[in-house]
Structures are given as C-alpha cells and as structure tokens.
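S.K.: I have a structure I would like to understand better, so I am pasting it below and will then ask my questions one at a time.
The values are calculated or read from the model by the stated rules, or taken from the named source; none is laboratory data. Model, not experiment: these values are computed from the prediction. When we count neighbours, we look across all protein chains shown, and the Cβ atoms used for this are built from the backbone with ideal geometry, even at glycine. Accessible surface areas use protein heavy atoms only, side chains included; no ligands, DNA or RNA. Shrake-Rupley method; radii C 1.70, N 1.55, O 1.52, S 1.80 Å.
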Amino acid sequence: GLKNATGLYFKVVDSDDWVDIDAYMKILEKLRQFKDEGSQIDMVLANYVYEKEGAKHKKVMRQTGFPKDRIFTWSDIKHFYKGHYILMHSVIYRTEMLKKCRLQLPKHTFYVDNIYVYKPLPYVRTIYYMDVDFYRYFIGREDQSVNEKVMIGRIDQQLFVTKRMIEMYELRMITSKKLRKYMINYLAIMMTVSSILCIRSKNKENLEKKKELWQYLKKKDMRSF
C-alpha cells in the first residue's frame, strides 16, 4: 500500500486488469527523465483501453483537450469536455504528493477509486500527459442491467463514498477556477448516480437516504454549487 511505498511514483492496477508493456517502458523512461532533470511532476496521465470480452474493436479513452508531452498546470487546460473525467486507470501520482495529501481509502468498500482521483487534486500542481495506450481495463461480458442491479445492491457504499467526498473540501475555497469547476462537476456526477440508484431501487428507505444525502450536501457546501 501507499504507507509502505518507496518509489518516486505510485500506480494502482486492479487484479482483473493489466498494462501494456511497450507503453509501460515509455512511461518509465519519461519518469526517469523527470528524476534526472529534477522535475517534480505530481500527476502523470496516459490512455486506458476497454478490454471487453469478445469485442474486436477496443475503445481507447484519451485525455481529450489536455496538452500532450509537456508539463502543464490546471490553468493550461482549455476546457474539460462533457463527460470527461480523470479515472484511476489513467493516473500515476508522485508518491510524496500522495502522502502529503494524507490519502486514506476506506477498506472493504467499493467505489473508493473515486476518492483516489478526487482527494489529491488540489495538491496537484504539475501534470504531464502521454498519449500512449497504457492501462487495460477488463470489463468482461456484464451488461448494463446486471451492473445496475449490482450497484443498487451496493447502494450504501455508493452513498458512503459520496459523503466522504462531500466532507473533503469546501469547493469554493479551491483557488484554481478550472480545478474548482472540474471538482464540482465530478461531485455532481456522484450525487446524480447516487440519486438515480436510490430512485431505481424503488425502495422507500432508499428514497429517504437520497433526501438525506442532499440535505448533507446543502449543510456542508451548497454555496459551491
């Protein structure tokens, strides 16, 4: 885990997934270059590929709109495209930066990858994007309806993670306008997913949980929205 990590950079790979060896070598070469130059890059981004079982064409997810092959900051990003979110699959963090932000992920909980790509963001000062197809995200044969049923079954964990994200920051205090807008949009997606799952469950108790979640947001940080 992070507590025992000794490398300069930190990357999470889920047990079902893998990385492309050629892209990995290119990334390692770039990380070594950063070290030799004395450059502190807080977040390195690369592409990920949906490895759907039986699919001939692989969908590649790129960081559209991000500067390529140069060091940049949040203010250098022209705009975030609708539906464009930085996911765990894309991210490599500088280890010391992660430790500085005191990232702690709840154990035995689903959806903590959202915390992983949300909590460190205000600590990220420098970013580098490599347009290489690095991470291979295995999604198997499950269709959307099955996934929805599974997510409804885990609704309490979805709500728990969303609340932890609400607690982390008063978003209006984030100084970078671009980053603040991105974080608000990310949290809005979490709120939307949580609400839809509560409604789709057709469970009265879950509808009460949805109402309570929005009250929780309003009490904590509604002025940011």
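S.K.: I'd like to know if the stretch 170-182 contains one or more residues that are open to solvent by less than 30 Å² (accessible area, probe 1.4 Å) and within 23 Å of Asn47 (Cα to Cα).
M.R.: Scanning the stretch 170-182 turns up at least one residue that is open to solvent by less than 30 Å² (accessible area, probe 1.4 Å) and within 23 Å of Asn47 (Cα to Cα).
S.K.: Filter the stretch 92-124 for residues that are over 13 Å from Lys11 (Cα atoms), of a type in the set (A, V, I, L, M) and within 12 Å of the chain's Cα centre (by Cα) and give the result.
M.R.: Val112, Ile115, Leu121
S.K.: Kindly indicate the residue of the stretch 62-76 that is farther than 16 Å from Phe134 by Cα and of a type outside the set (A, V, I, L, M, F, W, C) and also farthest from the chain's Cα centre (by Cα) among those meeting that condition. Give the steps one after another, and end with the answer.
M.R.: Start the filter on the stretch 62-76 by keeping residues that are farther than 16 Å from Phe134 by Cα, which leaves 65-67, 70-76.
Then keep just the ones that are of a type outside the set (A, V, I, L, M, F, W, C); that gives 65, 67, 70, 73, 75-76.
Values: Gly65: 17, Pro67: 19, Arg70: 21, Thr73: 17, Ser75: 19, Asp76: 20 Å.
Residue satisfying both the conditions and the ranking: Arg70.
S.K.: I would also like to ask the following. Identify, please: which residue in the stretch 55-100 is more than 20 Å from Met183 (Cβ to Cβ) and assigned to a helix (DSSP H, G or I) and is, among those, least open to solvent (accessible area, probe 1.4 Å)?
M.R.: Of everything passing the filter in the stretch 55-100, Thr95 is least open to solvent (accessible area, probe 1.4 Å).
S.K.: Could you please find all residues in the stretch 186-202 being surrounded by 15 or more Cβ atoms within 10 Å (Cβ to Cβ) and either out of contact with any Leu (no Cβ under 9 Å at 6 or more places or on another chain) or of a type in the set (S, T, N, Q) (or both)?
M.R.: Filtering the stretch 186-202 down to residues surrounded by 15 or more Cβ atoms within 10 Å (Cβ to Cβ) leaves 186-187, 190-191, 193-195, 197-198, 201.
Hits for the stretch 186-202 are Met190, Val193, Ser194, Ser195, Ser201.
S.K.: Right, another one. With (1) within 24 Å of Thr162 (Cβ to Cβ); (2) more than 18 Å from the chain's Cα centre (by Cα) as the list, and Lys30 as the residue in question, which single condition is left unmet?
M.R.: Answer for Lys30: the failing condition is (1).
S.K.: Could you tell me whether the stretch 35-42 includes any residue that is β-branched (Val, Ile, Thr) and either in contact with a Gly (Cβ under 6 Å, 6 or more places away or on another chain) or in a loop (DSSP other than H, G, I, E, B) (or both)?
M.R.: Residues of the stretch 35-42 β-branched (Val, Ile, Thr): 41.
Narrowing the set further to residues that are either in contact with a Gly (Cβ under 6 Å, 6 or more places away or on another chain) or in a loop (DSSP other than H, G, I, E, B) (or both) leaves 41.
Scanning the stretch 35-42 turns up at least one residue that is β-branched (Val, Ile, Thr) and either in contact with a Gly (Cβ under 6 Å, 6 or more places away or on another chain) or in a loop (DSSP other than H, G, I, E, B) (or both).
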